[in-house]
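**Q** One structure, as structure tokens, below. Some questions next.
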Amino acid sequence: MSRMRDYKLVVLGAGGVGKSCLTVQFVQGVYLDTYDPTIEDSYRKNIEIDNKQFSLEILDTAGVAQFTAMRELYIKSGMGFLLVYSVTDRQSLQELMELREQVLRIKDMDHVPMVLIGNKADLIDERVVPVEEGIALSGEWGKVPFYETSALLRSNVDEVFVDLVRQILRDELAA
Ligand code: GDP
Ligand code: MG
């Protein structure tokens with residue numbers, strides 16, 4: 001039995017984009033529509049990926065408006081970041097620019113494992129951000145994989161977390 005790897009993941013993004021719904025869907029396999037937007041909580045999930053065991057600690061953050069010492073702390077200790085916007089909210093995509101810069105600045109690393117996520121892909125009639133914009137941004141950022149997800153339909157939910165874990169492992173093995 002190989003050792004368990006402890007990875008700290010951080011879910012970042014504007015309020016209401018679906019960070020908590022994505023996290024709870026991944027960890028518990030249910031869609032919680034009544035989640036309190038002000039709740040910041042961490043979750044644990046053990047998972048096997050590519051025959052390796054991982055113990056994931058996932059911090060579901062809330063509130064991006066202000067820069068706090070708390071925020072700096074959890075970005076420092078985070079090993080991988082899920083940057084979430086909603087395809088129904090253009091402003092939420094804009095907010096990710098600043099968030100990504102904060103992460104890079106605080107981590108002070110050339111490469112930080114990240115995934116760019118356009119959530120609420122099921123809301124076809126309310127979409128304002130075309131898929132091409134997500135693809136373009138991920139290309140601009142370089143080496144940041146892009147997925148559209150639906151926490152509601154549980155589409156691409158496991159995929160984004162697994163991608164992030166694989167990135168962290170790759171960096172770890174290359175170090
Ligand atoms: P957070 O502030 O980023 O944590 O956002 P939440 O996870 O609390 O989600 C805010 C609201 O968006 C939820 O109450 C849901 O109604 C809705 N929502 C979240 N994810 C999805 C999704 O994938 N599809 C749809 N249709 N609605 C979603
Ligand atoms: Mg939340």
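**Q** Would you pick out the residues in the range 71-87 that are surrounded by fewer than 21 Cβ atoms within 10 Å (Cβ to Cβ) and touching a residue at least 40 places away in the same chain (Cβ under 8 Å)? Even if it seems obvious, please write down each step before you answer.
**A** So in the range 71-87, the residues surrounded by fewer than 21 Cβ atoms within 10 Å (Cβ to Cβ) come out as 71-74, 76-77.
Matches in the range 71-87: Tyr74, Ser77.
**Q** So the check is Cβ under 9 Å with 6+ separation or different chains; which pairs have a first residue in the range 1-26 that's under 23 Å from Leu73 (Cβ atoms) and of a type outside the set (Phe, Trp, Tyr) and a second one that's part of a helix (DSSP H, G or I) and within 8 Å of ligand 1 (Cβ to nearest atom)?
**A** Val11/Lys19; Val11/Ser20; Val11/Leu22; Val11/Thr23; Leu12/Lys19; Gly13/Lys19
**Q** So Met109 ticks every box in (1) in contact with a Leu (Cβ under 9 Å, 6 or more places away or on another chain); (2) away from ligand 2 (no atom under 16 Å from the Cβ); (3) not in a helix (DSSP H, G or I) but one. Which box is left unticked?
**A** Going through (1) in contact with a Leu (Cβ under 9 Å, 6 or more places away or on another chain); (2) away from ligand 2 (no atom under 16 Å from the Cβ); (3) not in a helix (DSSP H, G or I) one by one, Met109 breaks only (1).
**Q** Could you list, in sequence order, the residues of the range 6-54 that are over 11 Å from Ala151 (Cβ atoms), basic (Lys, Arg) and touching an Asp or Glu at 6+ places or on another chain (Cβ under 8 Å)?
**A** Lys8, Arg44
**Q** Do we have Ser77 as of a type in the set (Gly, Ala, Ser), over 11 Å from the mean Cα position of the chain (by Cα) and either within 16 Å of ligand 1 (Cβ to nearest atom) or more than 22 Å from Leu22 (Cα to Cα) (or both) here?
**A** Values: of a type in the set (Gly, Ala, Ser): yes; over 11 Å from the mean Cα position of the chain (by Cα): yes; either within 16 Å of ligand 1 (Cβ to nearest atom) or more than 22 Å from Leu22 (Cα to Cα) (or both): no.
When the stated conditions are applied, Ser77 does not pass them.
**Q** Here are the criteria: (1) under 16 Å from Leu22 (Cβ atoms); (2) modelled with pLDDT of 95 or more; (3) in contact with a Lys or Arg (Cβ under 8 Å, 6 or more places away or on another chain); (4) open to solvent by less than 60 Å² (accessible area, probe 1.4 Å). Tell me which single one Leu152 does not satisfy.
**A** Of the numbered conditions (1) under 16 Å from Leu22 (Cβ atoms); (2) modelled with pLDDT of 95 or more; (3) in contact with a Lys or Arg (Cβ under 8 Å, 6 or more places away or on another chain); (4) open to solvent by less than 60 Å² (accessible area, probe 1.4 Å), the odd one out for Leu152 is (4).
**Q** Can Val64 be described as open to solvent by less than 50 Å² (accessible area, probe 1.4 Å), out of contact with any Leu (no Cβ under 6 Å at 6 or more places or on another chain) and at pLDDT below 95? Show your work before the answer.
**A** Details: open to solvent by less than 50 Å² (accessible area, probe 1.4 Å): yes; out of contact with any Leu (no Cβ under 6 Å at 6 or more places or on another chain): yes; at pLDDT below 95: yes.
So Val64 fits the description; yes.
**Q** Follow-up question, since we're still on this one. Looking at the range 1-30, which of the residues that are open to solvent by 60 Å² or more (accessible area, probe 1.4 Å) and under 16 Å from Phe161 (Cβ atoms) is farthest from ligand 1 (Cβ to nearest atom)?
**A** Asp6
**Q** Here's another thing I want to ask about it. Give the residue that is farthest from the chain's Cα centre (by Cα), with candidates limited to residues of the range 147-175 that are more than 18 Å from Val10 (Cβ to Cβ) and not in a helix (DSSP H, G or I).
**A** Per the criteria, the residue is Ala175.
**Q** Determine whether the range 89-110 contains at least one residue that is of a type in the set (Val, Ile, Thr) and farther than 20 Å from Leu32 by Cα.
**A** Within the range 89-110 (the criterion being of a type in the set (Val, Ile, Thr) and farther than 20 Å from Leu32 by Cα), the answer is yes, since at least one residue qualifies.
**Q** Still on this structure: Can you name the residue in the range 130-146 that is part of a loop (DSSP other than H, G, I, E, B) and closer than 16 Å to His111 by Cα and is also most open to solvent (accessible area, probe 1.4 Å) among such residues?
**A** Taking the range 130-146 first, the residues part of a loop (DSSP other than H, G, I, E, B) are 130, 142-145.
Next cut, closer than 16 Å to His111 by Cα only: 142-145.
On the way: Gly142: 31, Lys143: 169, Val144: 10, Pro145: 38 Å².
In this case the residue turns out to be Lys143.
**Q** Does Asp50 meet the test of being more than 14 Å from ligand 1 (Cβ to nearest atom) and either crowded, with 17+ Cβ neighbours inside 10 Å or over 30 Å from Glu98 (Cα atoms) (or both)?
**A** On the way: more than 14 Å from ligand 1 (Cβ to nearest atom): yes; either crowded, with 17+ Cβ neighbours inside 10 Å or over 30 Å from Glu98 (Cα atoms) (or both): yes.
Against the criterion (more than 14 Å from ligand 1 (Cβ to nearest atom) and either crowded, with 17+ Cβ neighbours inside 10 Å or over 30 Å from Glu98 (Cα atoms) (or both)), Asp50 qualifies.
**Q** Of all residues in the range 33-50, which are polar (S, T, N, Q) and modelled with pLDDT of 85 or more?
**A** Filtering the range 33-50 down to residues polar (S, T, N, Q) leaves 34, 38, 42, 46.
Ser42, Asn46 - these are the residues of the range 33-50 that are polar (S, T, N, Q) and modelled with pLDDT of 85 or more.
The values are calculated or read from the model by the stated rules, or taken from the named source; none is laboratory data. The structure presented is a predicted model; accordingly, all values stated were derived computationally and were not measured. Cβ sites come from the backbone with ideal geometry, for glycine too, and all protein chains shown count toward neighbours. Remember, those area values only see protein heavy atoms, side chains included, never the ligands or the DNA or RNA. Shrake-Rupley method; radii C 1.70, N 1.55, O 1.52, S 1.80 Å.
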